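Notes for the one structure printed next.
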Amino acid sequence: MNEWTSRFPDTIDSHVHMGDIEQEAELEQIRQAIGVDRIGLVAIQNPAAGSGLPQALYMKARQPRRYYVFAGLNHAAQLSAGQVQTAPLEQQVERFVDMGCDGIKMIEGKPTSRQRMDIPVDDPYFAAFWRTVEALDLPIVWHVNDPEEFWDPATTPVWALERNWGYGPEDVTKEQLYAEVDAVLQRHQDLRIVFAHFYFLSADLPRAQRFLDAHPRVAFDLTPGIEMLYNLSRDVEATRDFFLRYADRILFGTDIFSDLSVREGQYRAGIVYRWLESDDMFRVPAGADFLLGQPADGEIHGLALPDEVLTRIYRSNFTARAGDEPRPLNVDAAIEECRRLAEIAAGLSATPAGQTLAARVATSLAE
Ligand SMILES: [Zn+2]
């Protein structure tokens, strides 16, 4: 039962990470093993490595009908105090659209991201960016915050501590991060945002409900954070009512990385499938990937959602936001962007531009 499969053939996984392009075949193997039709790649940029966006564009080029790309911003100019130049954020967005990206990925609002760049999302630095995304009506997949346990060393899980995801008094607080998002949503009420990991409100369903009611155009994705499944298993009736009521506001996702083994990918997706489809009581299987913790950590109680709700969560809530088909890649614009990213990476590191992942992708796209 550990490799639980879904009976729905048209599922779109809205939240997947691609590593090096060498992992193309591996990611495709995982996709097939977990029975997913399409994938939304969330492409967080690593400016110094020239990676993040290029490999996602590469996957779109390789399989145009399967891969959506949500492009992350490049803050290299800000982070390097002007040592390298990057386009203003709003111009980056316009280029993403031009090259055929389907939306925006943000991680600004995760405390670790704030440690690297201490600029709140309601700062003037982001003002033109928000205006542009709102005007272009682009969907955003946004990781804001983290589970509240991460602010207390006594409750932070081992797997989180090992990633340096434990926070202290010197870090931004959970409430501060929510307040900054509220300020953005107040100013830009037409933004279409999918908050990743249930917006880390799974321990407080009434608050999640108030948030969705206050912001009709936002949604949540169901990517673990395994704590989400434990929290939402405590009162299955309340969770089920929530899912029925907000059936149009919830998206399936796994947070699978292309470097997982096929087995780990199956476990990760299987946990979410089984939670949504069955009424089983079960645990994370031994051998699941590190970030899911241990079987002993908790029990998950299946929601046995009706098919009519599952088909929305698995597919139509995604296509309603990101389009029925992935947008076509503009190969020339993608090559140009990859070359720019390679130059930025070379300016920030000892790696020659030509050896960056961005340059390798540019070469491959030009063939
Ligand atoms: Zn993710």
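Derivation of every value follows stated rules applied to the coordinates shown; laboratory data play no part. Here the structure is a predicted model, which means the values were calculated and not measured. Virtual Cβ from ideal backbone geometry, glycine too; neighbours counted across all protein chains shown.
Values computed for the structure shown
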quantity	calculated
Given charges at Cβ of Lys, Arg, Asp, Glu: the stretch 146-201 dipole, positive-most of LEU191, VAL158, GLN176	LEU191
Cα gyration tensor, the stretch 255-334 - rounded (a/c under 1.5), prolate or oblate	oblate
Whole-angstrom gap from the stretch 209-242 to the stretch 310-341, using each part's C-alpha centre	25 Å
Likely footprinting exposure, LEU57, LEU232, fewest C-beta neighbours within 10 Å first	LEU232, LEU57
Net charge dipole size for the stretch 182-333 [Lys, Arg +1 and Asp, Glu -1 on Cβ; Debye, nearest 20]	340 debye
Label-to-label distance, nm, for residues given as GLN32 and GLU170 (7 Å Cα→Cβ offset)	4.9 nm
Helical mean residue ellipticity (222 nm; -39500 (n - 2.57) per DSSP H run of 4+; nearest 500) of the chain	-12000 deg cm²/dmol
Length released on extending from ALA49 to ARG283, taking residue separation times 0.36 nm less the Cα-Cα span	80.5 nm
Candidates ALA87, ALA154, ALA77: whichever shows maximal mean-square fluctuation once the chain is modelled as a Gaussian network with Cα springs under 10 Å	ALA154
The stretch 128-179: GluC sites (Glu not before Pro) in DSSP loop, at most 12 other beta carbons within 10 Å	GLU162, GLU170
Two-decimal Rg/Rh across the stretch 1-82, once Rg and the Kirkwood Rh are taken from alpha-carbon atoms	1.07
FRET efficiency, 1/(1 + (r/R0)^6) with R0 35 Å, evaluated for THR351 and ARG217 via beta carbons	0.30
Residue list for the stretch 135-150, given a label point 7 angstrom along the Cα-to-Cβ vector of ASP190 and an amide N cut-off under 17 Å	135-140
Additional length obtainable on full extension of the chain from ALA128 to TRP159, 0.36 nm per residue less Cα span	7.5 nm
Per-q log10 I(q)/I(0), the stretch 12-366, q = 0.09 Å⁻¹ (Debye; single scatterer per alpha-carbon; no solvent)	-0.47
Rounded FRET efficiency, nearest 0.05, which uses the C-beta distance separating GLU237 from SER364 and R0 of 45 Å	0.30
Sparsely packed trypsin sites (Lys or Arg not before Pro) within the stretch 64-143, loop by DSSP, other Cβ within 10 Å at most 15	ARG65
Net charge dipole size for the chain [Lys, Arg +1 and Asp, Glu -1 on Cβ; Debye, nearest 20]	560 debye
Among ASP98, ASP289, ASP204: highest mean-square fluctuation, GNM of the chain, C-alpha pairs under 10 Å	ASP204
Scattering curve values for the stretch 135-275, log₁₀ I(q)/I(0), Debye with Cα scatterers, q = 0.19 Å⁻¹	-1.30
